[in-house]
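What follows is a single structure, written as structure tokens, with notes after it.
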Amino acid sequence: LLEEQEEISTQAVEPDPSLLDEPGTELDDDFEETTLTSRQKIWIGVSVISSFLLFFVLLFPLDIIIRKLLQNPETGMQADFTSLNLNAFGSDDIQGFQFRAGSFAISSPQVESTVSWIGLMKDDLEGTVTLNGPFDLQAGDVGLQGQKALLKLGLPDSMQQPASTWVGDIELELQGVTFTALPSAIPLPLSPSDLKVSQGRIRMGFDGGGVNFEGSSLQTNLFNIRLTGRGTIRGPLAAMQLNGRICLRPVSDLQQENPAIYDFYTAFGGTGGGELCFKLEGNLSSPKF
């Protein structure tokens, strides 16, 4: 037995021929080389580019850039917000919104905006801002509070240009509004709580150095108020020189509803069914009646 085991151990062992092959000379039957067609290459390229753009939009800090664009003091208008939720397929949600142009300011805790953020980066300020929650508005020494407002912006190429070169318009529609402050120079015994605004529209049409207020009006429980005239811009928007008129037309039942107000109205030259107008002068930061 020992001799047989010794003979077996001394015999040369023939290696397995399959192990002598060069690695990689044969592919497993589960793999085979494939050449992509031109159409397949195009679809792969489109998929890669689309994925890159999608994640670029989702992850890129556009809100930082937009905040910087909206806070440029050289434009005469500034906007700010607490948080911004950008939506590529609908309105953007804005929390803690504030907008200021000279002595005109408006703020609301919750806002929806269709202003194009791509347009903002091209210096365009165009779109609609909807104030869905309670808002505060200040225009000179006039103060308003309301339940809903619509701010329409149409100012192309305005973000980096001085206000004296703007061509376009700003329009504000108001609903459910009450006054918190009235111009002290209007000689009528009115308190802010006396006036309730059912509907209002403030329009500023820019034409390259001037502003047209035509079309601005407020419908209240006592008077229908309209604003006419123009403003001239030579520097910042807050320094715009005013040359306009504010006209009050009493509602049909003012004499019965508020005899004291009606008596003051007629004493200063107003007539039943007619208008009582005041000159609007000074500048936007400090208007004079």
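Quick notes on this structure:
- Of the residues PHE289, LEU227, PRO183, the one whose Cα sits farthest towards the positive end of the charge dipole of the stretch 155-289 is PHE289 (charges of +1 on Lys and Arg Cβ, -1 on Asp and Glu Cβ, taken about the Cα centre).
- Within the straight-line cut-off of under 23 Å between alpha carbons, the lysines reachable from LYS148 are LYS196, sequence neighbours fewer than 8 places apart in one chain being disregarded.
- Label-to-label distance, PHE268 versus SER38, with points set 7 angstrom from Cα along the beta-carbon direction: 8.0 nm.
- Residues ILE118 and GLU257, FRET efficiency given R0 of 35 Å [Cβ-Cβ distance, rounded to 0.05]: 0.10
- Relative to the current alpha-carbon distance between GLN147 and LEU2, full extension at 0.36 nm per residue lengthens the span by 41.5 nm.
- Taking 14 Å as the cut-off, the amide N atoms of the stretch 127-156 that come nearer than this to a point 7 Å along the Cα-to-beta-carbon line of PHE289 belong to 139-144.
- Linear extension gain, VAL46 paired with GLU126, 0.36 nm per residue minus alpha-carbon span: 25.7 nm
- Label sites at THR165 and SER193, each approximated as a point 7 angstrom past Cα along Cα to Cβ, lie 5.0 nm apart.
- Set of lysines near LYS279 by C-alpha distance (under 20 Å), chain-local residues within fewer than 8 positions excluded: LYS288
- Entry note: the stretch 140-208 has Rg to Rh equal to 1.09, where both radii use alpha-carbon atoms and Rh is the Kirkwood radius.
Values quoted throughout were computed directly from the atomic coordinates according to the rules given, and no laboratory measurement underlies them. Computed from a prediction, not measured in an experiment: that's the story for all the values here. Every residue, glycine among them, receives a Cβ derived from its backbone with ideal geometry; neighbour counts consider all protein chains shown.
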